[in-house]
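S.K.: For reference, the structure I am asking about is given below.
The values are calculated or read from the model by the stated rules, or taken from the named source; none is laboratory data. Owing to the predicted nature of the structure, the values given are computational and were not obtained by experimental measurement. FYI the Cβ positions are ideal-geometry reconstructions off the backbone, even for glycines, and counts take in every protein chain you see. Accessible surface is based on the protein model in full, side chains and every heavy atom, while ligands, DNA and RNA are left aside. Shrake-Rupley method; radii C 1.70, N 1.55, O 1.52, S 1.80 Å.
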Amino acid sequence: MSYNGYMRTNGPELGAELLVDFLNTLDVEDDVDQLADDDGHARWAHEHNVEPGDRIAAVQARDALREIVDGVPAELPELALPVTVAAGSVALGARTAADAAVASAVVLSLQGKLGRVKLCGGEDCRWAFYDASRNGSRQWCSMEVCGNRQKARTYRAKDRPAS
């Protein structure tokens, strides 16, 4: 199996894009949670070719995964991720939104790429992104917005006289 950022299962495309989309169901800056109600949860699941499953489990999985990619130990909720083996390949079954997100994290972890999924360093942002930079040192979701804000804050703090 060649790696192009995704792993095909019998349902959604698993990998960085699905995981980042799932993590970004919580928009810290605009205070919007797509998983806050059943309609939003169902809409996200439909857009990603998975069944909604239990909304509370999806919220718990999302919150735990956000902590994990931010370097904080967290416990994931109990989920069913069936493994199938056929013709020399192994695949994870991902039926629900939470299953697909956790399966994506597992795939990325096995590939050594989970560390490239990050949360923006801007405390008022915290948007998830995949760091495709050569050395994996990207800190912000956008250098033009969050990176610029942080650099301006640092510059202004340096220029202030000590009181």
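S.K.: For the stretch 106-137, which positions are surrounded by fewer than 19 Cβ atoms within 10 Å (Cβ to Cβ), without any contact (Cβ under 8 Å) to a residue 40 or more places away in the chain and part of a loop (DSSP other than H, G, I, E, B)?
M.R.: Selection gives Gly112, Gly121, Glu123, Asp131, Ala132, Ser133, Arg134, Asn135, Gly136, Ser137.
S.K.: Just give me the residues in the stretch 31-52 being crowded, with 18+ Cβ neighbours inside 10 Å and either among the charged types (D, E, K, R) or under 25 Å from Lys113 (Cβ atoms) (or both), in sequence order.
M.R.: Hits for the stretch 31-52 are Gln34, Leu35, Trp44, Ala45, His48, Val50.
S.K.: Something else now. Just one of the numbered conditions (1) out of contact with any strand residue (DSSP E or B) (no Cβ under 7 Å at 6 or more places or on another chain); (2) open to solvent by less than 60 Å² (accessible area, probe 1.4 Å); (3) within 30 Å of Gly53 (Cβ to Cβ) is not true of Ser142; which one?
M.R.: (3)
S.K.: Quick one: how many residues across the stretch 78-103 are in a loop (DSSP other than H, G, I, E, B), surrounded by 11 or more Cβ atoms within 10 Å (Cβ to Cβ) and not aliphatic (A, V, I, L, M)?
M.R.: Residues meeting the conditions: 3.
S.K.: Among the residues of the stretch 19-54, which ones are modelled with pLDDT of 95 or more and of a type in the set (A, V, I, L, M)?
M.R.: Leu19, Val20, Leu23, Leu26, Val32, Leu35, Ala36, Ala42, Ala45
S.K.: Return the pair list, or none, for Cβ contacts closer than 6 Å from residues in the stretch 58-77 that are surrounded by fewer than 17 Cβ atoms within 10 Å (Cβ to Cβ) to residues that are among the charged types (D, E, K, R) and not in a loop (DSSP other than H, G, I, E, B), at least 6 apart or on different chains.
M.R.: Pairs found: Ala74/Glu67.
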